[in-house]
Each structure stands twice: as C-alpha cells, then as structure tokens.
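Comments concern the structure below.
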Amino acid sequence: MAGLDLRKTGTPAADASSWRRPAEYWPRLTEATRHLDAPVGALHLGALRHNALDMLRRANGTPIRVASKSVRVRGVVEALLAMPGYRGVLAYTLAEALWLADTVDDVVVGYPTAERGSIRRLATDPDFAARVTLMVDSPAQLDLVDSVLPPGRRERIRVCLELDASWDAPVLGHLGVRRSPVHEPADAGALAAYIAKRPGFELVGMMSYEAQIAGVVNRPEGRPVDGAVNRWMQSRSMPELLERRARAVAAVREVADLEFVNGGGTGSLERTSADPSVTEIAAGSGLFGGHLFDGYEHFTPAPAAAFALDVVRRPSAKHATILGGGWIASGPPAADRLPRIVWPEGLVMEPREMAGEVQTPVSGRAARSLAVGDRVWFRHTKSGELAEHLNEFAVVDGDDTVAMIPTYRGEGMAFL
C-alpha cells in the first residue's frame, strides 16, 4: 500500500490537470500500466486527491464519513481517514464493519443486519462493541440481537436510528428510497424513547439519507426535461426535509445524548452541510468519480478510477471485440448503468450486445484502427461495482505505477 498518501497539501483547482484533456490523460494511464495484464484497474493518485479535497470544500467544514460501499479498498479508506475532514466509516454490512474495526475506531453499519454470527462476534468483544454502531428502525431489529444473546450475556450494543428522508411529492408521489419506516418526528421520538428504555442498547446516533437529492442527477446529458424535473423536485424536497429532520432530531435528543447526526451523500454535500441539525455527511462515490456524476450541474469529479480491457479479435473491418466489459451498476436497468468507453474516443457498443460479461463488440470510427492487443479504457457508472471485478488497483502518480493496492476482493473478502 506504499505510495498512497492523500495528505499532500493543495487545493482541488491546483490538482485538476491532465484528466481535463482526454488525449493526454488516457494514453498516459495506458503507458503507466502497460506492464499489467487486463483487466487493469487504475487509480490516479492526483485525481483521487483532487476529488477528496473538492468534497471537503463542498462539505464546508462538516466532517465526511467515508461510505465504504462506494470504495471497497481498505487502503483508500485508511488514507482518507488520515486526511483532516474525514472521520469514521459508513459500512454496508456488519461483517465488513467488524473487519474494518481492526484498524478503524468508528464504524457505523449503514443498514440493519440479520447476520447472527457477526452479531455474536460484536456482542462478545468489548473492542468491537465500542467501535461499531448498528442501524435500526424498528423493535424487531433489537429483538433479533437479543435472540442471539440477551442483554445480561453480552456487551451493550451501540445503535443508530434511521429517519426516512424520502419526499411524498404532489402528483409524483414517493420520491427517494424505501428504507426506514420512521418518517415523522413523532415516530422518531417514540422509537428513541423505546430504545432508551430497552436493556442492552445505547442510542448514539441518527441517520437520514436524502437519496432523491444526493443520488439523482440534476443535469443529465441529452435529457433536459428530466434535468428540469429533477431540479424542481430537489428544490422543494430539501426544504421539507430540513424542517422535518430538525424536528425529528430535537425529539430524539430529548431522550438520547446523540454523538452524531448523519445525512447526505456525494451529490448533496453543499445542501446537507447547510442543515444545522446534521453533524456529519456520508459520501463515497464522488471519490472515484464514476461517470454517473457527470450529470450534476454543481460539481464535476475527476475520473480517478477506471478500468482497461484488451481487444482480442476483429470480426470485421468495421468491428473490434473487447474481452469482458459487462461491469454493470446497481439501480434501474438503463443505459446509464453501463460502463462508458472513454478511450479511444469514437467507439460505440453494438446495440444487440452492449457490454457483455465475456465480450463487448464495438464499432465506430476508432474501431477500424484498433489492433489485437490494444487497450480500451472504460469508466464505471458509480463506484462499488468496479472493486468487485478487480483484485487490485494500480496506483498511478504522474507517468508511473507507484503501488498496487488490493481491493476487498483482493484481500479475499466479499461482503455483499
């Protein structure tokens, strides 16, 4: 993991350079990683540092909790936590949280858990119990913990109450994600009071994820109507959430001494940091800069992470075939979930095949000049899917690969 140091001083603008010039950026990545067999995952150190600094700028002094789901590289998580402004991890499973808690002293599990084996490990280890916080939104989740080990036979379990941040919009209906059933401030206060009286648990935090603001692009390429609708929705959803979240946090604080109130995401850092009831923001996808984030009007991350595959055949004079490529992102199946070919420019996926698990045929003006063995660079849609296909990233600084850093998969870990 040597060579991964994000603590270099500087500003986002000072670090923004070659990735704004594709004809310079992608060939330099090719040269820096030419000695590696495909699939090649590249992590550009300068671009990653730029994104990390720019997210801190956008958060305006509110600490950022690293959303590990969107990174899945322990060395990157630890490098971020060494930077002033980043504090703690938002994990996606309890097993992952326990694994990270060997070196990270503040891990919140972002989703409720039913991992009984991991609950037993948490409940019987004082160090884990002090470092890891579970997410809850109903008494049933507390019952499950007690069914593994009752209060008198285990450590006290730290919990975080999740408030539903979705918006019930006029005409459009439910906007956001289906997460917590706790929507109203009174419901949050009632659940907090219940947890406070329940033996064996300590309510230490609150969370609310405004997915309809943080995770919905507001200027999608080629879809001006969708962009206008999304901007209208976000301009009305956020004021409603600010008022409701403030009342919910106040209701919970009447019965619990909260250590943190978490909100937001990569796409809402500015708006969430302006909420006085929020003490920290969870974010991660903007660090690697998947192409989904090209569709936001208020920030543009650098393509810090990308992957390259090889051309292996020429089925016709107009076509080239790339080995692999079907690294699809989660969410509604659509073109914006596919990886995007970024170099050479002028390549188009075949409509009847698109990005395939085994092969991705391409045409277009650049396909005619591709030879067997040439490299083609892709950008992933979000972030998490990239690390699930790679054992390691080549860390590129300048014109050289300066380190190889393992992903979760490369360390033998697959959590979800």
* Asked: Quick one: which of 251, 320, 282 is farther than 22 Å from residue 57 by Cβ and part of a strand (DSSP E or B)?
  -> 320
* Output the residue which, of all residues in segment 89-112 that are closer than 26 Å to residue 54 by Cα and within 14 Å of the chain's Cα centre (by Cα), is surrounded by the fewest Cβ atoms within 10 Å (Cβ to Cβ). => 92
* Where residues in segment 333-355 are crowded, with 16+ Cβ neighbours inside 10 Å and in contact with a helix residue (DSSP H, G or I) (Cβ under 9 Å, 6 or more places away or on another chain), which of them is nearest to residue 389 (Cα to Cα)? -> 339
* **Residues located in segment 114-124, provided they are open to solvent by 20 Å² or more (accessible area, probe 1.4 Å) and either part of a helix (DSSP H, G or I) or free of Cβ contacts under 8 Å to residues at least 24 places away in the same chain (or both)** => 115, 116, 117, 120, 121
* From (1) at pLDDT 95 or above; (2) open to solvent by 20 Å² or more (accessible area, probe 1.4 Å); (3) under 25 Å from the mean Cα position of the chain (by Cα), pick out the condition that doesn't hold for residue 4. => (1)
* Name every residue in segment 154-166 that is of a type outside the set (Asp, Glu) and in contact with an Asp or Glu (Cβ under 6 Å, 6 or more places away or on another chain), in order of residue number. => 156, 158, 165
* **Subset of segment 131-145 [surrounded by fewer than 18 Cβ atoms within 10 Å (Cβ to Cβ) and touching a residue at least 40 places away in the same chain (Cβ under 8 Å)]** => 138, 139
* Structure fact -> Per the filter on segment 356-370, residues open to solvent by less than 20 Å² (accessible area, probe 1.4 Å) and either modelled with pLDDT under 90 or out of contact with any Lys or Arg (no Cβ under 8 Å at 6 or more places or on another chain) (or both) are 356, 360, 361, 362, 366
* Can you confirm whether segment 176-190 contains a residue that is at pLDDT below 90 and surrounded by fewer than 20 Cβ atoms within 10 Å (Cβ to Cβ)? => yes
* Asked: So which residues in segment 291-334 are hydrophobic (A, V, I, L, M, F, W, C) and more than 20 Å from the chain's Cα centre (by Cα)?
  -> 308, 309, 311, 312, 317, 320, 322, 323
* What do you reckon, is residue 127 charged (D, E, K, R), closer than 22 Å to residue 279 by Cα and outside any strand (DSSP E or B)? -> no
* Scan segment 371-400 for residues that are open to solvent by 10 Å² or more (accessible area, probe 1.4 Å), in contact with a Leu (Cβ under 8 Å, 6 or more places away or on another chain) and at pLDDT 95 or above and jot them down. => 375
* Asked: For residue 168, which of the numbered conditions (1) touching a strand residue (DSSP E or B) at 6+ places or on another chain (Cβ under 8 Å); (2) part of a loop (DSSP other than H, G, I, E, B) fails to hold?
  -> (2)
* Asked: Counting only residues that are outside any helix (DSSP H, G or I) and either in contact with a helix residue (DSSP H, G or I) (Cβ under 9 Å, 6 or more places away or on another chain) or of a type in the set (A, V, I, L, M, F, W, C) (or both), which one in segment 35-59 is nearest to residue 385 (Cα to Cα)?
  -> 41
* Structure fact -> Within segment 154-175, residues at pLDDT 95 or above and over 20 Å from residue 278 (Cα atoms) come out as 154, 155, 156, 157
* To do: Select from segment 122-167 the residues that are of a type in the set (Phe, Trp, Tyr) and more than 29 Å from the chain's Cα centre (by Cα) and list them in ascending order.
  => none
* Asked: With (1) without any contact (Cβ under 8 Å) to a residue 24 or more places away in the chain; (2) open to solvent by 50 Å² or more (accessible area, probe 1.4 Å) as the list, and residue 173 as the residue in question, which single condition is left unmet?
  -> (2)
* Considering segment 254-274 alone, what residues qualify as being part of a loop (DSSP other than H, G, I, E, B) and of a type in the set (A, V, I, L, M, F, W, C)? -> 255, 256, 258, 274
* To do: From (1) modelled with pLDDT under 95; (2) surrounded by fewer than 22 Cβ atoms within 10 Å (Cβ to Cβ); (3) under 19 Å from residue 6 (Cβ atoms), pick out the condition that doesn't hold for residue 81.
  => (1)
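Residues are listed down the side, and each one gets a yes or a no for (1) farther than 30 Å from residue 35 by Cβ; (2) open to solvent by less than 40 Å² (accessible area, probe 1.4 Å); (3) touching a residue at least 60 places away in the same chain (Cβ under 8 Å):
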| site | (1), (2), (3) |
| --- | --- |
| 280 | yes, yes, yes |
| 291 | no, yes, yes |
| 305 | no, yes, yes |
| 322 | no, yes, no |
| 331 | yes, no, no |
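The values are calculated or read from the model by the stated rules, or taken from the named source; none is laboratory data. Remember, it's a predicted structure, so these values are computed and weren't measured experimentally. Neighbour counts are summed over all protein chains in view; Cβ atoms, including those assigned to glycine, are modelled from backbone coordinates with ideal geometry. Ligands, DNA and RNA are excluded from the accessible area calculation, which covers all protein heavy atoms including side chains. Shrake-Rupley method; radii C 1.70, N 1.55, O 1.52, S 1.80 Å.
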